[in-house]
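*Asks:* Sharing a structure, written as structure tokens. Questions coming.
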Amino acid sequence: MNSSGYCIIDENFNVKSFNNQFLQMLSIENEISPEESIRNFLMQNEILTGLVDEVKKKESGETDAHLELNDSDSGTRNFNVHLLFSSYVHNHSFILITLYEACDQNFLDIHLDRSLKFNAISKLARSIRHEISNPLSSVAIHTEILGNTLKNVSMAPHVRERIEKSIQIINSEQERFTRLMDKFFQLAKANNRESSYQDVKIILEDVYDLIKQHFNEEGLNLEIDLENNIPFIHVNRDRLIEVLLNLVLNSVESMKKGATVVLKSRREGDRIQIMVHDTGKGISSDLKNNIFRRFFTTKTDGGGASLVLCKKILEDMGGTVSFSSNPDDGTTFTITLKQASNF
């Protein structure tokens, strides 16, 4: 028996082809008119209709999600579903819908492959850091030599002042880049899973430093709004930064040039809240109930599992994540963590 079922539909949910495994998965293999039964099922399932709309908008996209189907005989059955929008054929376009059993190895291999790619990048971080550190050290040494040599060279005062100013700028930028590189590669190795007392202000400032240049390149604005005197939290610093970076990068994908993301913090009783607010287009109503579900994604670059992983990471640290969204005000993800008991 095939481990996956498939059907092909057009943009109006008319069924063009299917296999028997797809009918068995939907428990409609004995229907007289299976095409009509499949069409009715697809159109009545909010998750699937939302996914179809997503890939139709992209006109070349694909997406994954997790489905729970209730069966009167076997109870709840879990499936992973993959949708692929085909190229136009004879002025028509088609969508391939593939169902996998939730534990099917083929589906898991797709996500494992993505994870391995990111893991390989992380393992290369140390050697990459070494290659970057060498020229930076050389710049620092020769800038110092230049400054010492300058003391023994006769020149007009205004020329000396300009050269000294340039040396100061080079030193300052070299130090700034070194600090940023340290933060980035600390995140890349991210093998520490121990919790410790952390300052929310410092964590958010680190996230800001790590991602500010990306915002500049995308023509977006990144702001930070921190409440004063927030108590420490007891968390895994590296994992919390991973979560915040994922939330910020997800926001970027829904924003047009000139839009803004604001990193906020505030104290609510004995809880500390961290907000990632964007002025993007908001999350469509048909996706709101699914974004924290296992394997739900509208992406193909490996980031699709990020939100469910963010939720799991925060829950492991005793925290929660929620969101609010509307087309007029964008989206706000709110992380809630306990105040450290000793502070």
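Every read-out reported here was derived from the displayed coordinates using simple, explicitly stated rules and does not represent laboratory data. All values derive from a computational prediction rather than experimental measurement. Here the Cβ positions follow ideal geometry from the backbone for every residue, glycine too, while neighbour counts run over all protein chains shown.
*Asks:* How much net charge surrounds ILE230 when only the other residues with a Cβ under 9 Å from the Cβ of ILE230 are counted, with Lys and Arg +1 and Asp and Glu -1? Mind showing how you got there, number by number?
*Replies:* Working: positive: LYS201, ARG266, ARG267; negative: ASP199, GLU227.
Within the 9 Å Cβ shell, the charges total +1.
*Asks:* What list of ³J(HN,Hα) couplings, whole Hz, do you get for the range 204-219 from phi and the Karplus terms 6.51, -1.76, 1.60, once you set θ to phi - 60° and write x for glycine and proline?
*Replies:* Using θ = phi - 60°, the values come out as 5, 5, 5, 4, 4, 4, 5, 10, 4, 5, 4, 5, 4, 5, 8, x Hz.
*Asks:* Give LYS201/LYS288; LYS288/LYS312; LYS165/LYS256 a once-over and call out the pairs whose C-alpha atoms are over 28 Å from each other.
*Replies:* Beyond 28 Å between Cα atoms: LYS201/LYS288; LYS165/LYS256.
*Asks:* Which residues' amide hydrogens lie under 5 Å from the amide hydrogen of ALA340, considering only partners 5 or more residues apart or on another chain, with H built in the peptide plane?
*Replies:* Answer set, sorted by chain and number: PHE232, ILE233, HIS234.
*Asks:* Which whole-Hz ³J(HN,Hα) couplings does the range 242-252 yield from phi under the Karplus relation 6.51 cos²θ - 1.76 cosθ + 1.60, θ = phi - 60°, glycine and proline marked x?
*Replies:* For the range 242-252, the Karplus curve yields 4, 4, 5, 5, 4, 5, 5, 5, 4, 5, 4 Hz.
*Asks:* Still on this structure, I have one more. Toward the positive end of the charge dipole of the range 163-282, about the Cα centre and with charges on Cβ (Lys, Arg +1; Asp, Glu -1), which of MET255, ASN216, ASN236 goes farthest?
*Replies:* MET255
*Asks:* Semi-axes of the equivalent ellipsoid for the range 194-343, please: Cα gyration tensor eigenvalues, times 5, square-rooted, ordered largest first, whole Å.
*Replies:* The three semi-axes for the range 194-343 are 24, 18, 14 Å.
*Asks:* Once both labels are modelled 7 Å past Cα along the beta-carbon direction, what's the GLN168-GLN24 spacing in nm?
*Replies:* Between GLN168 and GLN24, the simple spin-label model gives 7.7 nm.
*Asks:* Can you list residues whose amide H is under 5 Å from ARG77's amide H, if they're 5+ apart or on another chain and H is modeled 1.01 Å from N?
*Replies:* Here LEU69, ASN70, ASP71 satisfy the definition.
*Asks:* Hey, what do the phi angles of the range 36-50 turn into as Karplus ³J(HN,Hα) couplings, whole Hz, using 6.51/-1.76/1.60 and θ = phi - 60°, x for Gly and Pro?
*Replies:* 5, 5, 5, 4, 5, 4, 4, 6, 8, 9, 5, 5, 5, 5, x
*Asks:* Long-range amide H contacts for ASN221: which residues qualify at under 5 Å (H placed 1.01 Å from N, peptide plane, sequence gap of 5 or more or a different chain)?
*Replies:* GLY258, ALA259, THR260, VAL261
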